[in-house]
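Enquirer: Structure below; questions to follow.
Nothing in this text is a laboratory measurement; each read-out follows from the coordinates by a stated rule. Predicted model, so just to flag it, every value in this text is computed and none were measured. Every residue, glycine among them, receives a Cβ derived from its backbone with ideal geometry; neighbour counts consider all protein chains shown.
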Amino acid sequence: MIRFLLPAMLVLSACADVQQATDTAGRNAAKSILPEALAVYFPQVPKQLFQPFTNCIVDNADASEVQSLAADAITGVDEGTATTIRAVLTRPATQQCLAAAAPTALQTL
C-alpha cells in the first residue's frame with residue numbers, strides 16, 4: 001500500500017507545481033497589459049498609480065478573469081478588457097488593496 005501512496009503523492013505534487021507555474025505565467029501576462037488598458041480605458045487613474053492598480057487587480061482577479069486578461073496580452077486590449085477590470089475593481093478586497101497601496105505610491109512623487 002505504501003509503495004503506491006508515495007508515487008501518487010509525487011504525481012499530485014507535480015500537478016500542483018504545474019498549476020502554480022501556469023497561474024503565475026497567466027498573472028504575469030495579465031500584468032503586462034494592464035498599464036495600457038488603464039491608460040486607454042481609465043484615464044482618470046494617474047500614471048504613478050498604474051503599478052498599484054495592476055497588482056491589486058491581478059491579485060484579486062479569479063482564474064477566468066486572469067485567463068481573459070492574459071489572452072488580451074496577445075490579442076490586445078479592448079472593451080472586454082475594461083469590463084473585466086471594472087468587475088475586479090468593484091470587489092471590496094480590490095478596493096481595500098488600492099486604499100492600502102495608493103498612499104504609498106503617491107508618497108514617491
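Enquirer: Which value in nm describes the separation of the simple spin-label points at ALA25 and ASP78, placed 7 Å from the Cα toward the beta carbon?
Expert: Between ALA25 and ASP78, the label points sit 2.4 nm apart.
Enquirer: Could you go through segment 78-94 in sequence order and give the Karplus-derived ³J(HN,Hα) for each residue, using 6.51 cos²θ - 1.76 cosθ + 1.60 with θ = phi - 60°, rounded to whole Hz, and x for Gly and Pro?
Expert: In residue order, the calculated couplings are 8, 4, x, 4, 4, 5, 5, 4, 4, 4, 5, 5, 6, 6, x, 5, 5 Hz.
Enquirer: Place a label point 7 angstrom from the Cα of ALA93 along the Cα-to-Cβ direction, then list the residues of segment 40-76 whose backbone nitrogen is under 15 Å away.
Expert: 55-67
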